[in-house]
Amino acid sequence: MKSAVDVKEAVRALKEGGVIACPTEAVWGLSCDPDNDEALAHLMRMKERDPAKGVILVAASIQQFQPWLNQLPLELHAPLAASWPGPNTWLVPDNGRSHGLVRGAHQSVALRVTDHPLMKALCEAFDGPLVSTSANRAGDPPAMSAEEVASIFGDEIAAIVAGELGGNAKPSTIKDLVTGKIMRS
């Protein structure tokens, strides 16, 4: 198994276009630069994920999402601010900022401000949001340990970040910001 790396080494791998594995609030995840075409395509191939599904972006703060929120009506900012940081992913109308593989076939982008200390540190050190998607092949259960991630993906991963899961029993709730509809509870 690859030896675990620290945040600085993980950010170097991200900036070089790599896909990294890291613990999140509930499961192990895969992350990459949300603006890097090659990294996003590699991530989709690794997961065998339908590109139409899109992926979630996580950030260290709501400020890191300002480019995605700058055309959002003011009244729609309140639910975001009230629920972040935390296990709440919001489907926010895309203002044209999102990469096609991040958005998928949707007119919205999935955003979450993380409360996981390691994910927050990664986003801060990267100086922006990161893709965060479960570490698994499409249809399989998500990895729950670094060892499991390594056995699934091997050399397809640029780095495995040392750390622990956040202790949440399940992945984040996903809600549509405009309609309030719960897409995943």
**Item:** Failed item in (1) hydrophobic (A, V, I, L, M, F, W, C); (2) modelled with pLDDT of 95 or more; (3) open to solvent by 20 Å² or more (accessible area, probe 1.4 Å); (4) more than 15 Å from the chain's Cα centre (by Cα), with L69 passing the rest
**Value:** (3)
**Request:** Only one of these is more than 21 Å from D176 (Cα to Cα), crowded, with 19+ Cβ neighbours inside 10 Å and small (G, A, S): A39, A4, A59. Name it.
**Result:** A39
**Asked** How many residues does the range 40-68 contain that are aliphatic (A, V, I, L, M) and free of Cβ contacts under 8 Å to residues at least 24 places away in the same chain?
**Response** 0
**Where a residue in the range 164-177 is under 15 Å from M144 (Cα atoms) and its partner, wherever it lies, is of a type in the set (S, T, Y) and open to solvent by less than 70 Å² (accessible area, probe 1.4 Å), with Cβ under 8 Å and at least six apart** = L165/T24; G166/T24; P171/S134
**Asked** Which one is farthest from L91 (Cα to Cα) among residues in the range 1-23 that are at pLDDT 95 or above and in a loop (DSSP other than H, G, I, E, B)?
**Response** E16
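Quick one: which of R137, R112 is open to solvent by 10 Å² or more (accessible area, probe 1.4 Å), among the charged types (D, E, K, R) and under 11 Å from the mean Cα position of the chain (by Cα)?
Numbers: R137 fails: under 11 Å from the mean Cα position of the chain (by Cα).
Result of the check over R137, R112: R112.
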**Prompt:** Does the range 122-131 include one or more residues that are in a loop (DSSP other than H, G, I, E, B) and more than 17 Å from the chain's Cα centre (by Cα)?
**Reply:** no
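Take the range 24-45 and flag every residue that is of a type in the set (A, V, I, L, M) and over 20 Å from R12 (Cα atoms).
So the first thing to find is which residues in the range 24-45 are of a type in the set (A, V, I, L, M), and the list is 26-27, 30, 39-41, 43-44.
Result: A26, V27, M44.
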**Fill in**
Flagged in the range 121-159 as at positive phi and of a type in the set (D, E, K, R), in numbering order, are D127
**Asked** Do we find that W90 is within 15 Å of the chain's Cα centre (by Cα), in contact (Cβ under 8 Å) with a residue 12 or more places away in the chain and more than 21 Å from V27 (Cβ to Cβ) in this structure?
**Response** no
**Item:** Tally, over the range 140-166, of residues that are farther than 28 Å from R97 by Cα and either out of contact with any strand residue (DSSP E or B) (no Cβ under 6 Å at 6 or more places or on another chain) or open to solvent by 50 Å² or more (accessible area, probe 1.4 Å) (or both)
**Value:** 16
**Asked** Only one of (1) in contact (Cβ under 8 Å) with a residue 24 or more places away in the chain; (2) surrounded by 14 or more Cβ atoms within 10 Å (Cβ to Cβ); (3) more than 15 Å from the chain's Cα centre (by Cα) is not met by S83, so which one is it?
**Response** (1)
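Would you mind listing the strands (runs of 3 or more DSSP E) fully within the range 48-115 where at least 2 residues are out of contact with any Lys or Arg (no Cβ under 9 Å at 6 or more places or on another chain) and not β-branched (V, I, T)?
On the way: elements: 56-59, 88-93, 108-113.
Where strands (runs of 3 or more DSSP E) fall fully within the range 48-115 and carry at least 2 residues being out of contact with any Lys or Arg (no Cβ under 9 Å at 6 or more places or on another chain) and not β-branched (V, I, T), they are 108-113.
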**Request:** Considering (1) closer than 22 Å to V7 by Cα; (2) under 13 Å from the mean Cα position of the chain (by Cα), say which one P171 fails and leave the rest.
**Result:** (1)
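The values are calculated or read from the model by the stated rules, or taken from the named source; none is laboratory data. For clarity, every value in this text was computed on a predicted model and none was experimentally measured. Please note: Cβ atoms are built from the backbone with ideal geometry, for glycine as well, and neighbour counts cover all protein chains shown. For the accessible areas, the whole protein counts, side chains as well, though only heavy atoms, and no ligand, DNA or RNA atoms are used. Shrake-Rupley method; radii C 1.70, N 1.55, O 1.52, S 1.80 Å.
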